[in-house]
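A.B. asks: Below is one structure. I have some questions about it.
Each reported figure results from applying straightforward, stated rules to the coordinates on display, with no laboratory input. It should be emphasised that the depicted structure is a prediction, and the values quoted were computed from it without experimental measurement. Don't worry about glycine lacking a Cβ; one is built from the backbone with ideal geometry, like all the others, and counts go over all protein chains shown.
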Amino acid sequence: MKIWAIALTATALSPLASAPARAQQEVILVRHAELPGTAMADPKSMPLSAEGKARAQRLAGLLKDSGVAAIYVTDFARTNQTAQPLAQEIGRKPTVVPKGDPKELVARLQKDNAGQVVLLVGHTDTLPGLIRALGYPSDIKIEAQDYGNIFVVSPSAQGKPGFLRLRY
């Protein structure tokens, strides 16, 4: 490329470079990690299995540099234990929210965490509703024995949000 073409390209793009970046909140959603195979009388207190603890460590390794500013977990031990390695790594205490109306939690995120990256650790019966409340129009199915999804939703004021479904 000739020097004048580089200069012309740089001049044409300079207004874009000086425009302020629009703040975009990323919401990362994961299901709690694996549980032991035995049933417990109180499902809220059921801890992670050894495999689940290893998965929680992998999650922390994957997300430690992602800019997570807030972590939300349900009032079940397994969601808190899934989030703990990352919480310790980044120095953030998880916020406990009861399972409830996904629209209420999304409104809270918009109010308390606008422009931030947020991690939500939930369940097979909470994540699909949260993803829909964040504006993703398609139904999400999570199989009972599937613990390896990472959903990333990028809300958009212009309509359908950005959406990624990853595996770890």
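A.B. asks: Can you tell me the relative contact order of the range 52-123? Whole percent, Cα pairs under 8 Å, sequence separation 6 or more.
C.D. replies: 43 percent
A.B. asks: Which one of Gly91, Gly115, Gly148 has the biggest mean-square fluctuation once the chain is modelled by GNM with Cα springs under 10 Å?
C.D. replies: Its mean-square fluctuation being the largest, the pick is Gly91.
A.B. asks: Separate question: Short version: ³J(HN,Hα) in whole Hz for each residue of the range 31-47, in order, from phi by Karplus 6.51 cos²θ - 1.76 cosθ + 1.60 (θ = phi - 60°), x for Gly and Pro, what are they?
C.D. replies: Computed from phi, the couplings for the range 31-47 are 7, 3, 7, 4, 10, x, x, 9, 7, 10, 5, 10, x, 5, 9, 4, x Hz.
A.B. asks: What's the extension gain from Lys99 to Gln57 if we count 0.36 nm per residue and subtract their Cα-Cα distance?
C.D. replies: Answer, rounded to one decimal: 12.7 nm.
A.B. asks: For the range 21-167, just the Cα atoms, rotate onto the principal axes and tell me the three extents in Å, largest first.
C.D. replies: Projected onto the principal axes, the Cα atoms of the range 21-167 cover 46, 31, 26 Å.
A.B. asks: Please report the net charge: other residues with Cβ closer than 11 Å to the Cβ of Asp75, K and R +1, D and E -1.
C.D. replies: Local net charge: +3.
A.B. asks: Calculated FRET efficiency, Ser45 and Lys111, Cβ-Cβ r, R0 35 Å, to nearest 0.05?
C.D. replies: The calculated FRET efficiency here is 0.70.
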